[in-house]
2 protein chains.
Amino acid sequence: MASPKIVSQEAAPDRSLVRGRDTKALILDAAEALFSVHGYDAVSMRNITSRAGVRLALATYHFSTKESLFESIIARRAEVLNERRLVALGAILDRGAPTVAQILTSFIKPYLDLRVSRDVGWRNYSLLIAQLAQINRWLPLVDKYFNPTAHRFHEALCAALPELPKPVVSRCFVFAIQLMVSELAGNERIDTLSQGALSGNDVKQVYLDLIPFLVGGFEAIARREAASG
Amino acid sequence: MASPKIVSQEAAPDRSLVRGRDTKALILDAAEALFSVHGYDAVSMRNITSRAGVRLALATYHFSTKESLFESIIARRAEVLNERRLVALGAILDRGAPTVAQILTSFIKPYLDLRVSRDVGWRNYSLLIAQLAQINRWLPLVDKYFNPTAHRFHEALCAALPELPKPVVSRCFVFAIQLMVSELAGNERIDTLSQGALSGNDVKQVYLDLIPFLVGGFEAIARREAASG
DNA sequence: GTCTATAGGCTGATAGAC
DNA sequence: GTCTATCAGCCTATAGAC
């Protein structure tokens with residue numbers, strides 16, 4: 001009586017847990033796609049589970065509440081992004097004292113690479129992050145998942161600009177983060193303003209202008225401080 | 001029988017219309033304050049009318065739908081802002097060929113001045129605009145109310161940078177708009193990143209760094225183009 | 001222009017069977 | 001881990017009296 005049951009367990013061990021992992025990912029992907037386009041409050045748990053092809057009750061079973069589902073979405077890709085950024089930063093620090101351009105590149109390039117990768121989830125994620133960055137309600141989440149890494153880059157920038165007061169470096173860095181987040185989300189304001197000559201969705205093209213623009217901003221502030229001090 | 005009625009009409013003509021104007025403004029102010037903090041979808045018509053101290057039915061009576069109420073909010077202050085910007089632009093154009101710094105200043109300074117004015121509605125409005133700028137859903141509204149003025153500044157920038165291809169000017173201008181919108185909303189990301197040394201709410205301080213940063217960005221891109229062409 | 005009352009539908013979250 | 005069914009409450013918008 002017992003032995004057939006054991007054999008069957010070994011042949012297909014704990015299939016319910018495996019299904020659970022798939023379900024979780026399906027819900028995360030669907031929610032990420034919907035939140036990124038419509039915003040957190042415009043999307044219902046029914047919208048999400050219906051897109052994911054699972055039953056309503058599974059969303060709260062796996063994620064408890066809508067808010068904690070949202071946080072799980074942020075956390076999932078933040079881990080990947082933070083690690084890639086820290087690897088890039090470590091690489092240039094190993095080669096000696098890096099320039100501002102190198103530090104900004106090691107912060108932004110990993111984001112761009114993921115954003116244009118085959119995994120379209122990163123496109124949705126970038127839209128989500130752009131919204132996070134604009135609504136103070138989500139600031140605790142931003143701080144929790146992105147500040148530890150951001151502080152490492154902040155330190156590197158301070159080391160590269162020893163003559164600048166720390167708060168001035170903070171300000172420029174926040175300018176850079178804010179512009180990166182908005183522009184790599186694929187902001188389409190430029191489409192009409194340039195009368196069709198450019199598209200905000202072409203983020204690779206945006207990136208080519210973004211880095212020199214930001215470096216120029218840092219340098220201008222540094223020049224001003226040098227002149228006034 | 002008729003004459004007393006006429007006298008009374010002249011003494012207090014059409015009081016219901018007057019009340020209607022007050023009610024409209026009360027609803028606009030309440031909606032602006034709530035939308036700016038919580039976002040469009042998180043705020044209900046009940047929230048709005050309750051904050052305004054008027055009955056629910058009055059909101060749809062005066063504004064038809066929630067979306068058109070939202071558009072009325074955007075339109076109300078856009079007219080004021082656009083006019084101030086065009087006056088500032090006209091002033092520097094009258095004095096001859098303006099620099100990039102002067103053009104950006106005439107675009108951003110009127111926004112800052114209103115943002116820090118006694119009318120706290122402008123603070124709420126700046127938060128609203130920052131959200132508009134980030135969600136493609138509202139792009140038609142942004143284009144409708146802000147593009148005509150933006151195009152005037154775009155032309156001035158092209159004239160000030162004749163050696164730059166127009167799309168490159170568009171790109172830099174969109175960078176400037178985007179950063180202005182985010183930063184003058186009082187983005188508080190800097191509060192934790194600078195470990196309390198700065199506050200994003202101090203937008204006058206932000207402004208002092210914003211203009212040179214942006215001008216430095218324009219100049220860096222211009223240098224790159226000059227070197228490559 | 002303002003009021004009350006309500007239609008018709010959606011919301012997040014849960015209970016309890018399997 | 002997944003299912004059905006449901007609770008209790010909220011939503012936008014409107015009808016019709018005053």
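The values are calculated or read from the model by the stated rules, or taken from the named source; none is laboratory data. Remember, it's a predicted structure, so these values are computed and weren't measured experimentally. Counting neighbours? That spans all protein chains shown, and the Cβs are built from the backbone with ideal geometry, glycine included.
Details
- Conditions (1) within 10 Å of the chain's Cα centre (by Cα); (2) surrounded by fewer than 16 Cβ atoms within 10 Å (Cβ to Cβ): number failed by residue A:99: (1)
- Residue in the range A:196-203 that is under 16 Å from residue B:190 (Cβ atoms) and either in a helix (DSSP H, G or I) or more than 7 Å from chain B (Cβ to nearest Cβ) (or both) present: no
- Taken over the range B:158-194, residues that are in a loop (DSSP other than H, G, I, E, B), more than 8 Å from chain A (Cβ to nearest Cβ) and free of Cβ contacts under 8 Å to residues at least 12 places away in the same chain amount to 1.
- Pairs where the first residue, in the range A:134-146, is among the acidic types (Asp, Glu) and the second is surrounded by fewer than 18 Cβ atoms within 10 Å (Cβ to Cβ), C-beta under 6 Å, 6+ apart: A:143/B:192
- Only a single item in (1) in a helix (DSSP H, G or I); (2) out of contact with any helix residue (DSSP H, G or I) (no Cβ under 9 Å at 6 or more places or on another chain); (3) of a type in the set (Lys, Arg) is not met by residue B:137, and it is number (2).
- Residue count, the range A:34-48 (criterion: near DNA strand C (Cβ under 9 Å from one of its atoms), more than 10 Å from every other protein chain (Cβ to nearest Cβ) and surrounded by 15 or more Cβ atoms within 10 Å (Cβ to Cβ)): 3
- Filter result for residue A:220 (at the interface with another protein chain (Cβ under 10 Å from one of its Cβ atoms) and either assigned to a helix (DSSP H, G or I) or at pLDDT 95 or above (or both)): yes
- Meets criteria (under 30 Å from residue A:153 (Cα atoms), within 16 Å of DNA strand C (Cβ to nearest atom) and not basic (Lys, Arg)) for residue A:70: yes
- Criterion violated by residue B:104 - all others in (1) closer than 17 Å to residue B:186 by Cβ; (2) surrounded by 20 or more Cβ atoms within 10 Å (Cβ to Cβ) satisfied: (1)
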